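Novice: Quick one: the structure is below, questions incoming.
Quick note: the coordinates plus some simple rules give every number you see, no bench work behind them. All values reported here derive from a predicted model rather than from experimental measurement. Don't worry about glycine lacking a Cβ; one is built from the backbone with ideal geometry, like all the others, and counts go over all protein chains shown.
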Amino acid sequence: MSTTGPGRTPWQTVRHLAVRAVQLEIGVWLSLYRFLLRRPRVPAGATAFSYHRVVLPVLVTFIVVSAIELVAVDVLVQRWPLVRVPLLVLGIWGLTWMCGLLAAMVTRPHAVGPAGITVRYATDVEVQVPWEAIDRVTRRTQVRADKSPRVLPGEDGTVTLQLWMHDQTTVELTLDRPLEVRVPEGAAAVRTIRLFADDPRAFLAEVARQRPEPGAGPGAAGPRPAAAQVERGRRTSRPVRRVLSPGASRPPDGRSSI
């Protein structure tokens with residue numbers, strides 16, 4: 001696994017931070033554009049799942065307070081143009097940036113579709129996970145340990161990607177092979193992806209609906225007929241992997257899985 005911290009010279013660190021700042025700025029403005037035109041990034045045939053509701057009150061509070069502060073400061077310094085103009089520009093930029101951050105979360109949701117699962121975190125992370133790389137999908141709530149990194153190496157040598165919202169995740173994807181992902185911290189081959197979904201039950205239900213049967217070709221991916229859907233509270237007789245409906249009894253470890 002490579003990271004952006006250790007092993008970088010001061011110049012490389014400065015260059016990385018500058019590139020990162022430009023990427024964030026572009027992402028914020030593109031997100032505002034998509035938000036205003038109501039064009040979320042959802043693949044064809046896929047269902048979107050939000051992850052921003054848990055932090056929505058905090059973001060809205062910051063946006064409202066920043067707007068009030070912008071007006072108050074402008075009134076206080078209006079007699080000094082040399083001070084007023086820079087503060088006004090800085091205040092408008094900060095307010096726009098926070099609105100863009102919220103727009104990035106809204107317009108870049110997780111998605112479950114015929115090709116697999118798209119995992120996102122605002123403009124920072126976008127991982128395409130094909131169905132053939134997924135071993136199981138589990139509803140599992142995990143709270144972030146103190147200072148736990150986003151890319152977490154395990155004691156067994158496997159790597160976990162953790163995408164928290166409000167310091168917790170609610171869904172866990174276990175992969176049957178390492179998957180190369182790129183995040184701001186660097187590139188890593190991960191075997192587990194933990195993400196937050198506002199409605200994990202609906203997320204697992206859509207996974208059960210969209211996931212192709214074992215042995216089916218790539219073209220067979222997509223929603224299954226109603227007769228092939230997993231019945232509530234019953235196990236299917238799939239030859240390779242076990243599938244449980246969101247309402248089915250959980251395994252002994254207390255987790256429901258797909």
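Novice: Please give the charge dipole size of segment 10-59, origin at the Cα centre, charges +1 on K and R Cβ atoms and -1 on D and E Cβ atoms. Round to the nearest 20 debye.
Specialist: 120 debye
Novice: Considering amide H positions built from the backbone, and no H for Pro or chain starts, which residues 5 or more places from Ile134, or on another chain, come under 5 Å of its amide H?
Specialist: The answer is Asp176.
Novice: I've got another one for you. Mind sorting Tyr121, Tyr51, Tyr33 by how few other Cβ atoms lie within 10 Å of their own Cβ, fewest first?
Specialist: Tyr33, Tyr121, Tyr51
Novice: Order of Leu95, Leu195 from fewest to most other C-beta atoms within 10 Å? The partial results should precede the final answer.
Specialist: Details: Leu95 18, Leu195 25.
The most exposed by this proxy come first: Leu95, Leu195.
Novice: Continuing with this model, one more query. To make sure I understand, if each residue's beta carbon is the centre and we count other beta carbons within 10 Å, what order do Phe62, Phe35, Phe203, Phe196 fall in, fewest to most?
Specialist: Phe62, Phe35, Phe203, Phe196
Novice: About its Cα centre, what dipole magnitude does segment 1-127 give when the only charges are +1 on Lys and Arg Cβ and -1 on Asp and Glu Cβ, stated in debye to the nearest 20?
Specialist: That gives a dipole near 220 debye.
Novice: Tell me which of Val83, Trp29, Ile63 sits at the most positive position along the dipole axis of segment 1-99, charges placed on C-beta atoms (Lys, Arg +1; Asp, Glu -1).
Specialist: Trp29
Novice: Using the Karplus equation 6.51 cos²θ - 1.76 cosθ + 1.60 (θ = phi - 60°), what ³J(HN,Hα) coupling, rounded to whole Hz, does each residue of segment 175-182 give in order, writing x for Gly and Pro?
Specialist: 9, 8, 7, x, 10, 6, 10, 10
Novice: Something else about it: Give me the distance in nm between label points sitting 7 Å out from Cα along the Cα-to-Cβ direction at Val89 and Ala187, one decimal.
Specialist: For the pair Val89/Ala187, the computed spacing is 3.8 nm.
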